[in-house]
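*Asks:* The structure follows.
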Amino acid sequence: MPGFEVFGEEEKQQVLEVFDTGVLFRYEFADQRNGVYKVREFEQAFADYTGAVHAQAVTSGTAALKVALAAMGVGIGDEVITQGFTFVATWEAILDIGALPIFTEVDQTLNMDPADLEKKITEKTRAIIPVHMLGAPARIHEIKAIADRHGIPVLEDTAQAAGARLDGQHLGTFGQCGTFSFDSVKTMTTGEGGMVITNDGEMWRNCSEYHDHGHDHAVNPGGRGGEGRRFVGFNYRMMELQGAMGLAQLAKLDGMCEAQRKHKAVFKEAAAKIAGVGFREILDEAGDSATFFAFMLPDSEQAARVNQVLRDNGAGAINFAENSWHFYPAWEHLLNGKTLCRNGWPFDAHGKRRFIYDPEMLPASSELMSRTLVYQVPVNLSDSQRDTTLHALEQAARL
Ligand SMILES: *Cc1c(COP(=O)(O)O)cnc(C)c1O
């Protein structure tokens, strides 16, 4: 998964070009910067790469979600539907904008179950956020069709699936917008950073101005003159150093995914010999970014037994049901409404709990996640790591 595996001269060269100008700010300083606009160039390159019309760089994937929700007009009293298997950032952004996160089951894709989505839509639903977890797509066509029928915009959280495609089309370009993360463990990384992509010019203008204190970018693009403001914004601006890193990493993204696909296929062939094993449904194998490899056992006891053998042989897998950052029942701070705010916001308002989260609410996901094992797929797979993993999988196949 992580782009840090391939840091090299390209990243160094890009960053040095920024130091040569001495300008770290993405806007202004026209006299000093010698025409070097790394963040702007990165946005253009990312839009071209994904096939989106517009791209807006921001400080993180979490900020990208928040900026996109703000640009879509989501706020207090609204409901936003996402899936119960995701990173906490997805619903942190929903809460931060003042809306309530509602969670759906995941299906064999390990992503949003469209049938459950349909059940969770109410008159308060203002956005739907399918997450392309572990590098591979949600059933985005079905989700989009349901959303369209109800007139609700779709935001694709593509933080874990940069470089992934469905039938040749980049994930993040199916909905009204898509968001990406370039944090330190993502497939391409700028250390910290994020991006919103969209084909909607008005949506992009909202993102651009909201992320920059509301500066009117139509009147004075990126400048700091006497331009007005259409609304109150915030600061989620990306630095030039991150833009430079992004340019170098983006150029390596397809190569990283290709290497991961190759390594994943090796793991999959070995895992296929385990009795009763099944695999995550990947809607487009050729477009899989292959950052992770997920396989299922018939029940949680068998998954635990297999994982014990894998662990004993130095190649334990992740069971996300045991991981407190990515799965709904383990988010005790959300379930218990823990916040620093003395009046209980955003969980409480006017002395009342706004929404009760029941830890048993997603039984199908709990059952599925309890018997799913996951390997992260490295870009650079050393011979010893490959041999250790293959040997462990062979031992599991003897069970
Ligand atoms: C990493 C991640 C984010 C948040 O990105 P940051 O850049 O770390 O803020 C959002 N959603 C998902 C699914 C992620 O994996």
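The values are calculated or read from the model by the stated rules, or taken from the named source; none is laboratory data. Computed from a predicted structure; not experimentally measured. As a convention, Cβ positions derive from the backbone with ideal geometry for all residues, glycine included, and neighbour counts pool all protein chains shown.
*Asks:* Can you pull out the residues in region 145-165 that are touching a Ser or Thr at 6+ places or on another chain (Cβ under 8 Å) and assigned to a helix (DSSP H, G or I)?
*Replies:* Taking region 145-165 as the starting set, the residues that turn out to be touching a Ser or Thr at 6+ places or on another chain (Cβ under 8 Å) are 150, 152, 155-164.
Scanning region 145-165 gives a single hit, 150.
*Asks:* Out of the residues in region 179-206 meeting the condition of being more than 17 Å from residue 45 (Cα to Cα) and aliphatic (A, V, I, L, M), tell me which one is nearest to the ligand (Cβ to nearest atom).
*Replies:* Filtering region 179-206 down to residues more than 17 Å from residue 45 (Cα to Cα) leaves 183-186, 191-192, 200-203, 205-206.
Checking which are aliphatic (A, V, I, L, M) leaves us with 185, 203.
Values: 185: 8, 203: 19 Å.
Restricting to residues being more than 17 Å from residue 45 (Cα to Cα) and aliphatic (A, V, I, L, M), the top hit is 185.
*Asks:* Continuing with this model, one more query. List pairs: first in region 243-255 and farther than 15 Å from residue 39 by Cα, second hydroxyl-bearing (Ser, Thr, Tyr) and assigned to a helix (DSSP H, G or I), Cβ under 8 Å, 6+ apart or cross-chain?
*Replies:* 253/49
*Asks:* Got a sec? Which of 48, 107, 113 is crowded, with 23+ Cβ neighbours inside 10 Å and away from the ligand (no atom under 16 Å from the Cβ)? Let's see the steps before the verdict.
*Replies:* Working: 48 fails: crowded, with 23+ Cβ neighbours inside 10 Å; 107 fails: crowded, with 23+ Cβ neighbours inside 10 Å.
From the options 48, 107, 113, the qualifying one is 113.
*Asks:* Could you tell me whether residue 27 is of a type in the set (Phe, Trp, Tyr), surrounded by 15 or more Cβ atoms within 10 Å (Cβ to Cβ) and part of a helix (DSSP H, G or I)?
*Replies:* Numbers: of a type in the set (Phe, Trp, Tyr): yes; surrounded by 15 or more Cβ atoms within 10 Å (Cβ to Cβ): yes; part of a helix (DSSP H, G or I): no.
The answer is no for residue 27.
*Asks:* Follow-up. When residues of region 72-88 are filtered for being surrounded by fewer than 24 Cβ atoms within 10 Å (Cβ to Cβ) and within 15 Å of the ligand (Cβ to nearest atom), how many remain?
*Replies:* 2
*Asks:* Scan region 115-134 and tell me whether some residue there is part of a strand (DSSP E or B), under 12 Å from the mean Cα position of the chain (by Cα) and within 25 Å of residue 260 (Cβ to Cβ). So that I can check it myself, show each step before the final result.
*Replies:* Step one: list which residues in region 115-134 are part of a strand (DSSP E or B), which gives 125-129, 131.
Among the residues that remain, those that are also under 12 Å from the mean Cα position of the chain (by Cα) are: 129, 131.
Next cut, within 25 Å of residue 260 (Cβ to Cβ) only: 129, 131.
The answer is yes; a qualifying residue exists.
*Asks:* May I pose another question? Please determine whether any residue of region 207-229 is of a type in the set (Ser, Thr, Tyr), within 15 Å of the ligand (Cβ to nearest atom) and crowded, with 19+ Cβ neighbours inside 10 Å.
*Replies:* no
*Asks:* Only one residue in 248, 265 is assigned to a helix (DSSP H, G or I), assigned by TED's automatic domain parsing to the domain that holds residue 369, at pLDDT 95 or above and away from the ligand (no atom under 16 Å from the Cβ), so which one is that? Walk me through it before giving the result.
*Replies:* Working: 248 fails: assigned by TED's automatic domain parsing to the domain that holds residue 369.
After ruling out the rest, the residue left standing is 265.
*Asks:* Right, something else. If residue 69 satisfies all but one of (1) closer than 30 Å to residue 371 by Cα; (2) within 16 Å of the ligand (Cβ to nearest atom); (3) in contact with a Gly (Cβ under 9 Å, 6 or more places away or on another chain), what's the number of the condition it fails?
*Replies:* Failing condition for residue 69: (1).
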